[in-house]
Amino acid sequence: MCGIVGAVAERPIIEILIEGLKRLEYRGYDSAGVVVLDQQGNTSCTKREGKVGVLAKAVKEQSPQGTTGIAHTRWATHGVPSERNAHPHQSGNRFSVVHNGIIENHKELRKSLSVDGYTFISDTDTEVIVHLIHKLSAVYPDLRSAVFAANQQLVGAYGMAVVDSQSLGQLVVARSGSPLVIGYGLGEHFVASDQLALLPVTRRFAVLEEGDVAQITKESVSIIDASGEPVSRPIEESDITADAGGKAGYKHYMLKEIFEQPEAIRRTLQGRIVDGKVAEDAFGNGSLELFEAIKHVQIVACGTSYNAGMVARYWIEQYVGISCSVEIASEFRYRESFVHKDSLLVTLSQSGETADTLAALRLAKSLGYSASLTICNVETSSLVRESDLVYLMKAGPEIGVASTKAFTVQLAALLLLSKALCEAKAINQEFCTDAAEALNALPTHMEQAFSLEQSVKVLSEQFADKHHALFLGRGDLYPVAMEGALKLKEISYIHAEAYAAGELKHGPLALVDADMPVVVVAPSNDLLDKLKSNIEEVRARGSVMYVFADSDDQFEPGPGLDVVNMAHASHLIAPILFSIPLQFLSYYVALVKGTDVDQPRNLAKSVTVE
Ligand code: G6P
């Protein structure tokens, strides 16, 4: 999604802005632009379609010396990806704006601003902001006041940064629905939509609250809240290291993040299981008393996080014995759903900023849930700030657009949640003991699963010329098949679908032939014999199958049936372990196909618009 970086300093800031944009590339974008102002108010604006590298080359040739500036990566919503639609957008040779989010009343504003004589040169919703600020500056000569006044007329979600060649040495930023942080340096200040962008220049950050508008100079930061009152926001030291965004010698972030999983799980579980029991504050203070009374769990999430929620449904219903529903956030937020008595709302999100998930949480607050819990990877995110209870994942920054470590860490957290619910209700001691043992052993099992990399790499070559693939699983491995299919789609652009294996004969079997590889996740569990019958049904139709199986089950390979054996482990963590070969599979298929693994076309890491 779109990214914002801004800086105001004594020194030229173009390199800081470009480096910031590069560090935001992982979010997904299609064009980029930058504007810098020097101390005389000379403005230099450059925009390019495509990668930040193309923009960087263009600005290098111009080498602008500005000390105040804003920059942007755009992920097209209104208007095609092009130089014309790239940000910054400008008005009257004075004002420049970069914007994340969507202005919903842009058509009305465009009409009235056109009547006022403003000429639009782009197809974007953003351009109305810059002309509106320009218009209001006649009444509010102070830039922050003009931006504050403009906010009163904008409907939608936005984070924006504004500069004015007649308000030298200042940036104004506003947050309403799309995150922004201010970075504090020595005699210089910065702004970004994600603190990762600024880690090379500062580690001290303040997170703006909804409705805040801030005026930033190199010496000072002055913030007003949504009601126009001066406020201060706490400045905190980030514990993310500047090279957290680096590839550490791996070819892609995705591969690095696959290998980071055991460590991410260790960190996430550290201190959260004490003497075999879930620590009292693992899910937030007071969570255990609350869990005791919970009779239903409603999980809401998007994308990979939704697939993690689907696994949890099996666990919560089987082991806790209470009902659990899982819904895609964009559906949940727009329908009238039934709220069970004593129901806990759980949001799952890597970023904590996914617009639909956040909107679902906000909606749920008015629906009578007992409490909201978020399982989230970003401490400063909106979901963390707005939920009653928080389980902070410690996966570390995830840069690859296709989520890997966030998924398995979410699963570990959800297994822990099932255990915490059981403990709070004083039920199912056997599961509680087994889950503690399985979770403690999990990182080591994950490391063992990495030994499959080479065999999966070899078989991935057989997918390169395929256009479709099926993924099959049963029980809590069905959502793992869903996640495997999603990964393959996302980064190799092969159409892949997942089916609960028992459903195959109700339609998809018609598609099966030698050109449709079928991937099966087959751990050792009660459903294995049923799954074996499903495999035979597919095999009889001449398909080529790849079965990931538990080595203890001695699955027989044969014509049309490749078997990759996984070391035996507790069935409780099978969904986590069987995810690993599927991650390798999508990664190596993408590599063979030569697609952009870390930044697949059209996709974004953090989807902050609807
Ligand atoms: C985007 C990403 C996915 C992610 C989904 C939900 O689509 O590309 O990888 O699963 O958003 O994101 P969240 O941050 O809420 O987990």
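The values are calculated or read from the model by the stated rules, or taken from the named source; none is laboratory data. Computed from a prediction, not measured in an experiment: that's the story for all the values here. A quick note on method: Cβ atoms are made from the backbone with ideal geometry, for glycine too, and the neighbour counts reach across all protein chains shown. To get the accessible areas, we keep the full protein, side chains included, count just its heavy atoms, and leave off ligands, DNA and RNA. Shrake-Rupley method; radii C 1.70, N 1.55, O 1.52, S 1.80 Å.
Would you please put 552-562, 204-214, 279-289, 388-398 in order of how densely packed they are, using the mean number of other Cβ atoms within 10 angstrom per residue and starting with the highest?
Packing proxy ranking, top to bottom: 388-398, 204-214, 279-289, 552-562.
Could you state the per residue volume, in Å³, of the convex hull enclosing the Cα atoms of segment 5-63?
Convex hull volume per residue, Cα atoms: 71 Å³.
Distance from the Cα centre of segment 206-262 to that of segment 35-51, in angstrom?
Centre-to-centre distance over Cα atoms comes out at 24 Å.
Which percent, to the nearest 5, of DSSP beta bridges fully inside the chain are antiparallel?
Once the DSSP bridges in the chain are tallied, antiparallel ones form about 60 percent.
Counting pairwise Cα distances across segment 274-425, what percent come out greater than 20 angstrom?
For segment 274-425, the fraction of Cα-Cα distances above 20 Å is 42 percent.
Which trypsin sites (Lys or Arg not before Pro) in segment 514-610 sit in a loop by DSSP (not H, G, I, E or B) and have at most 13 other Cβ atoms within 10 Å of their own Cβ?
Answer in residue order: 601.
Could you tell me the extents of the chain's C-alpha atoms along the three principal axes, largest first, rounded to whole Å?
That gives 76, 54, 43 Å along the principal axes, largest extent first.
Subtracting the Cα-Cα distance from 0.36 nm times the residue separation, let me have the gained length for residue 209 to residue 464 in nm, one decimal.
Gain on stretching residue 209 to residue 464: 87.1 nm.
Give me the angle, in degrees from 0 to 90, between the Cα long axis of helix 478-492 and the longest principal axis of the Cα atoms of the chain, rounded to the nearest 10.
50
From the square roots a ≥ b ≥ c of the eigenvalues of the alpha-carbon gyration tensor of segment 354-438, which class results: rounded (a/c under 1.5), prolate (a/b over b/c), or oblate?
Cα axes put segment 354-438 in the oblate bin.
Segment 490-550 to segment 430-478: how many Å between their Cα centroids?
Here the two parts' Cα centres lie 15 Å apart.
For residue 142 and residue 235, what does the FRET efficiency come to when R0 = 30 Å and r is the distance between their Cβ atoms, rounded to the nearest 0.05?
0.80
Taking all protein chains together and a probe of 1.4 Å, list 588, 478 from the most accessible to the least accessible.
478, 588
With axes computed from alpha carbons, what is the tilt in degrees of helix 429-449 against the longest principal axis of the chain, rounded to the nearest 10 within 0 to 90?
70
Of all the accessible heavy-atom surface of segment 55-211, with the other protein chains kept in place and a 1.4 Å probe, what percent is carbon and sulfur?
After summing per-atom areas, the C and S share lands at 51 percent.
Take the Cα atoms of segment 6-162, find their three principal axes, and give me the spread along each one in whole Å, biggest first.
Reported extents, whole Å, longest axis first: 39, 34, 23.
Taking the Cα atoms of segment 471-567 alone, what are Rg (to one decimal) and Dmax (as a whole number) in Å?
12.4, 34
Enumerate the aspartates and glutamates that residue 295 could reach by cross-link, defined here as Cα to Cα under 12 Å, with residues fewer than 8 away along the same chain left out.
317, 342
If you take the Cα Rg of segment 515-610 and divide it by 2.2 N^0.38 Å, with N the number of residues, what do you get?
1.30
How do 221, 52 stack up against each other in accessible area, from largest to smallest, with a 1.4 angstrom probe?
Descending order: 221, 52.
With label points built 7 Å along Cα→Cβ from the Cα atoms of residue 592 and residue 367, find their separation and express it in nm.
Distance between the two pseudo-spin positions: 4.3 nm.
Over the chain, give the accessible area per residue in Å² for a 1.4 Å probe, as an integer.
Ligands and nucleic acids excluded, the result is 38 Å² per residue.
Obtain the nm distance between the two label points defined at residue 503 and residue 426 by a simple spin-label model: each point lies 7 Å from its Cα along the Cα-to-C-beta direction.
Placing both labels 7 Å beyond Cα along the Cβ direction yields 4.0 nm.
Please work out the Kirkwood hydrodynamic radius for segment 386-542, using every pair of different C-alpha atoms, and report it in angstroms with one decimal place.
18.0
Which of the peptides 153-162, 25-34, 512-521 is most tightly packed, and how do the rest follow, going by the mean number of other Cβ atoms within 10 Å of each residue?
In decreasing order of mean packing, 153-162, 25-34, 512-521 become 25-34, 153-162, 512-521.
In terms of solvent-accessible area of protein heavy atoms at a 1.4 angstrom probe, what is the ranking of 46, 217, highest value first?
The most accessible residue leads, giving 217, 46.
If I compute solvent accessible area with a 1.4 Å probe over the protein chains, what percent of it on segment 268-399 is carbon and sulfur?
C and S atoms contribute 47 percent here.
At q = 0.11, 0.23 Å⁻¹, work out log10 I(q)/I(0) for segment 217-339 with the Debye formula, treating every Cα as an identical point scatterer and leaving solvent out; two decimals please.
Ignoring solvent entirely, the Cα scatterers give -0.75, -1.29.
Residue by residue, what Karplus-based ³J(HN,Hα) values in Hz, rounded to whole numbers, does segment 23-40 have, using 6.51, -1.76 and 1.60 with θ = phi - 60° and x for Gly and Pro?
Using θ = phi - 60°, the values come out as 6, 9, 4, 4, 6, x, 6, 10, 7, 8, x, 8, 10, 10, 10, 8, 6, 9 Hz.
Tell me what the chain gives for mean residue ellipticity at 222 nm when only DSSP H runs of n ≥ 4 count, each as -39,500 (n - 2.57), the sum divided by the residue total, rounded to 500 deg cm²/dmol.
-10000 deg cm²/dmol
For residue 513 and residue 251, what does the FRET efficiency come to when R0 = 35 Å and r is the distance between their Cβ atoms, rounded to the nearest 0.05?
Calculated value: 0.55.
Expressed in nm to one decimal, what extension gain is obtained for the pair residue 433 and residue 338 from 0.36 nm per residue of sequence separation less their Cα-Cα distance?
Computed gain between residue 433 and residue 338 is 30.8 nm.
Full extension from residue 448 to residue 568: what is 0.36 nm times the residue separation minus their Cα-Cα distance, to one decimal in nm?
42.2 nm
In whole Å, how far is the Cα centre of segment 269-294 from that of segment 116-165?
Distance between centres, Cα-based: 48 Å.
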